[in-house]
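Working notes for the structure below.
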Amino acid sequence: MLRVSLNALLVLSLLEIAAVPRPGDAAPQPTKRAPQPDLKPPIEVLGTCQNSGAINTTISPSFIGTTWRGWGTSLAWFANYVGGLPQRELTTILDLLFEPVNGLGLNIVRYNIGGGNNRTLSPQFYTNTESDWRGMPGFKPTKAGPYDWSADERQRNVLQGAKERGANVFEAFSNSPPWWMTYSGDVAGALKRRRTNLRREYEGAFADYLTTVVAQFAKRWGVTFDSLEPFNEALERFWGAGADHEGCTFNPPEMGRVIKHMSDSLKAKGLKTKLVGVDSWYGETSWLPAMANHELLTRINVHSYVNKYDNGNAAASYEEKFGTIRDTGKQLGREVWVSEAGPLSKRGSFWDLSLYVARNVIESINIMEASAYVIWQAYDFGSHWSFIRFPSYYRPPYDFKLIQPKVNRRFWLFKHFTLLAKPGSKPIKIGSSCIHGMSAFYNPREAQLTVFIVNQQAEDRRVTLNLEGFKTNLGGRTTVVFRRTSAFTNFSKRVYARFRGRASFKMWGQTFVSVTFTNVSI
């Protein structure tokens, strides 16, 4: 591999970057920062590379070792809502999330195979608006009755719309078995928390239920699920009867038996869908190699919510937990995916939380060495999670005013990642002092290198990026493309036509930036 040492300096200032209007922006972008009284300082600060002062780092073609699989969202609750909207609103939302040019271009979709509750025994699922969308339909409402393939139309509408717009990786997951397979008769959980809710005599039937649905999606709707996850936060013991959404506790021995049933059922049906697991909320994976039948899992799924490791020294907590997940993956020879993520109960302004999401993405890549990142909900009633603003708390049959959905700044922040770290890209190793605030991807197909930087501090910082070991000006002149999203700008862009090895620029406080170098190779 040719290593090139380049010394010339290109000094650029992000304060000069001109804003470029994008679809979904209602107002022109400001060119200067203006005070906003509702902007709060971050609750805690983890500096990029250092706690303060200038950042000077070298990017070289040393790769983490994974190939990036993409970006995605789970459907489930929000799809059970937006899938029933009038066609204009539904089309707009699908375009914003899955269309690859003007939208986010999410390519991974996780579909929730609902257990389906007993409406008579569990009316809390269906008595208020938020529970209406969390109460996922099942495909086999009774033990003795037939499958109902007309069920879950709203979530299926969103799944089909995502596929039509280019999504190409599909995972099915379960939060609970059907109610009639459970001890409590309630898909929200057992009568006593911390206890499993799947009757042992139904473990095989549960496997048959999920794999039957997987097979029918390919046959009826042309959707082939690449993977199947039978568990969700099963070890955390959150789940109890009477709640307003599905959940089921499993202990490792029960998981091992269910995994074997799932594997046998997939083989019996001639399905190539792979088993993955186990979607732990706490990120605890050290026990996984000791679980029976763990070798049948082809990938490790974990959840990466932004606040769950912030116990005192957040940086150390992230490194410890994420490092354990990474090491488990290496021990078992399995890729790791972040299969759920989001701000959860983190406090702060919407923009503070958006910067935390960006940091979480970066840490999941650098420390956990995840090869995909899937958010939990792209839309949420309270907008705490969402990329899209939309009037909410409307009950079926969705008879409400036609108000155009609009994106928020988190949409533009996330678009940096989805546009510039495409599937097939190679994550680059970042120096240990920068792992909480900077990540980099090399895209060999497009001959581009992109560095992502989050600055959670209030102060501006001078950033210098040195390229070493990359060939430049191949197939055309190497240019530098700066994009910035802040509390004042949405995905502003400026292109600089000359580059000779190093780029230096001023980065605003509380800002997210991507820096793309074109026509580079290794």
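Would you mind pulling out the separation of the Cα centroids of the range 414-457 and the range 459-522, in Å?
The range 414-457 and the range 459-522 have Cα centres spaced 11 Å from each other.
With labels modelled as points extended 7 Å from the Cα through the Cβ direction, what inter-label distance (nm, one decimal) is found for residue 445 paired with residue 220?
It works out to 3.3 nm between the two label points.
Around residue 284, under 10 Å between beta carbons, what's the net of Lys plus Arg minus Asp minus Glu among the other residues?
Neighbourhood net charge equals 0.
In nm, what is the difference between 0.36 nm times the number of residues separating residue 191 and residue 282 and their Cα-Cα distance?
That works out to 30.5 nm of additional length.
Could you pull out every residue, at least 5 positions away or on a different chain, whose amide H is within less than 5 Å of the one on residue 407? Hs are placed 1.01 Å off N in the peptide plane, and Pro or chain starts have none.
389
When the chain is fully extended, how far beyond the present Cα-Cα distance does residue 160 get from residue 433, taking 0.36 nm per residue of separation?
Residue separation times 0.36 nm, minus the Cα-Cα distance, leaves 94.0 nm.
Could you work out the local net charge near residue 105, counting Lys and Arg as +1, Asp and Glu as -1, over the other residues with Cβ closer than 11 Å to its Cβ?
Net charge around residue 105: +1.
List, in the order given, every pair from 274/493; 269/321; 163/426; 330/406; 163/471; 140/192 whose Cα-Cα distance in the structure shown is over 32 Å.
Listed pairs above 32 Å: 274/493; 269/321; 330/406; 163/471.
Using a Förster distance of 25 angstrom, determine the FRET efficiency expected from the C-beta separation of residue 267 and residue 168, and round it to 0.05.
Here the calculated transfer efficiency is 0.55.
Per 0.36 nm of contour for each residue apart, how much would the distance between residue 330 and residue 474 grow if the chain were fully extended, relative to their Cα-Cα spacing?
Contour length minus Cα-Cα distance gives 48.3 nm.
Using only Cα positions of the range 459-522, each an equal point scatterer, no hydration layer, compute I(q)/I(0) via Debye at q = 0.14, 0.21 Å⁻¹ and quote the log10 values to two decimals.
Scattering profile of the range 459-522, log10 relative to I(0): -0.44, -0.87.
Largest first, please: the extent of the C-alpha atoms of the range 139-254 along each principal axis, to the nearest Å.
The principal-axis extents, from largest down, are 43, 31, 27 Å.
Under a crude label model (7 Å from the Cα following the beta-carbon direction), how far is residue 506 from residue 149 in nanometres?
6.4
Coordinate-derived values only; no laboratory data. Remember, predicted model here, so these are calculated numbers, not experimental data. Using ideal geometry, Cβ is built from the backbone for each residue, glycine included, and neighbour counts are taken over all protein chains shown.
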